[in-house]
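Input: a single structure, listed below in structure tokens.
The values are calculated or read from the model by the stated rules, or taken from the named source; none is laboratory data. Here the structure is a predicted model, which means the values were calculated and not measured. For neighbour counting, all protein chains shown are included, and Cβ atoms are generated from backbone atoms with ideal geometry for every residue, glycine included.
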Amino acid sequence: MHSNVGIPFFSAFNIDEDLEWQMSRAEKYCFINLLEHIRPNAAIEIGTYKGGSLQVLNHFSNNVYSIDISNAPARFLSDKFPNVNFRIGESHTTITKVFKEIELAGLTLDFILVDGDHTTKAVQQDLLAILAYPHKHPITIILHDSFNPQSRRGIKSINYKAYPSVAYVELDYITGSFWHNNTYREMWGGFALIKIDPFNTKPLVYMASQEHLFQRAYWSSLHLIKDPFHFLVPLKQAIFRRLGIKQRIDIYDEF
């Protein structure tokens with residue numbers, strides 16, 4: 001049974017119901033409130049999909065840069081969001097170019113949403129690319145799906161103490177759950193929050209406030225069986241493609 005716990009959603013923010021937004025109600029409320037508070041001069045989104053979170057970024061930010069591996073967001077959303085700068089490519093290489101573009105334009109980057117490839121390696125690469133850049137202004141980073149085991153491993157794999165500008169890390173700023181949209185005991189959702197402050201002089205604050213909940217959920221999850229065989233995904237995709245079976249990678253065709 002399809003059950004989306006993000007609906008109904010009641011807010012003063014005027015949600016466009018035509019834009020699929022794959023976040024829980026708690027995540028939506030948090031995301032809107034954060035952006036309303038920060039009101040970024042410039043914001044970056046890694047992983048745009050169908051524009052659910054992009055509508056919030058577009059509303060509260062003066063300048064938005066969307067990074068996606070697919071050209072579908074640009075094709076289907078550019079008319080709706082004419083002021084959004086769509087960039088296509090691998091996020092961990094494209095984002096450095098966007099950082100430089102923002103600086104050359106004289107803008108201030110205030111916010112980054114990381115919601116692209118959720119494999120451990122991809123999350124790690126995105127974070128390393130973000131943290132390695134010599135940022136000149138404070139930045140708030142939100143990483144979606146921090147409750148997913150692979151994403152969480154990617155977030156935890158970083159030696160944050162090696163980056164003096166990282167002032168705060170919380171893996172469970174918003175807690176995830178067993179997901180609710182046609183998955184069986186898969187752990188998704190949750191926000192990790194990282195604060196970058198180039199002027200930081202205090203010791204790093206690192207928290208995983210719901211680690212015990214995460215561990216209890218993990219030992220009851222499908223990930224115990226599923227994740228060790230993740231290396232077979234390319235083979236599965238090739239077989240499904242040959243048989244003409246739609247996959248999650250084909251979701252962009254359904255805009």
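Annotations for the structure displayed:
- The stretch 103-138 - residue that is of a type in the set (Asp, Glu) and within 13 Å of residue 46 (Cβ to Cβ) and, of those, nearest to the chain's Cα centre (by Cα): 115
- Selection from the stretch 89-126 of residues that are in a helix (DSSP H, G or I) and polar (S, T, N, Q): 91, 93, 94, 96, 120, 124, 125
- Qualifying residue in the stretch 95-117 (condition: surrounded by 23 or more Cβ atoms within 10 Å (Cβ to Cβ) and of a type in the set (Ser, Thr, Tyr)): no
- Looking at 86, 9, just one residue is assigned to a loop (DSSP other than H, G, I, E, B), surrounded by fewer than 21 Cβ atoms within 10 Å (Cβ to Cβ), of a type in the set (Phe, Trp, Tyr) and free of Cβ contacts under 8 Å to residues at least 40 places away in the same chain, and that residue is 9.
- Per the listing 178, 147, the residue uniquely closer than 23 Å to residue 31 by Cα and at pLDDT below 95 is 178.
- Taking every residue in the stretch 93-104 that is touching a residue at least 60 places away in the same chain (Cβ under 8 Å) and pairing it with any residue that is crowded, with 16+ Cβ neighbours inside 10 Å, at least 6 positions away or on another chain, the pairs with Cβ-Cβ distances below 6 Å are 102/42; 102/109.
- Within the stretch 49-86, the set of residues being over 22 Å from residue 28 (Cα atoms) and under 15 Å from the mean Cα position of the chain (by Cα) comprises 69 only.
- The set of residues from the stretch 165-215 being closer than 23 Å to residue 33 by Cα, polar (S, T, N, Q) and part of a loop (DSSP other than H, G, I, E, B) comprises 175, 209, 210.
- Residues satisfying the criterion are absent from the stretch 35-49 (criterion: assigned to a helix (DSSP H, G or I), surrounded by 15 or more Cβ atoms within 10 Å (Cβ to Cβ) and not hydrophobic (A, V, I, L, M, F, W, C)).
- Residue in the stretch 118-134 that is buried (at least 20 other Cβ atoms within 10 Å of the Cβ), under 17 Å from residue 23 (Cβ atoms) and at pLDDT below 95 present: yes
- Here residue 239 fulfils each of the conditions (1) at pLDDT 85 or above; (2) out of contact with any strand residue (DSSP E or B) (no Cβ under 9 Å at 6 or more places or on another chain) apart from (1).
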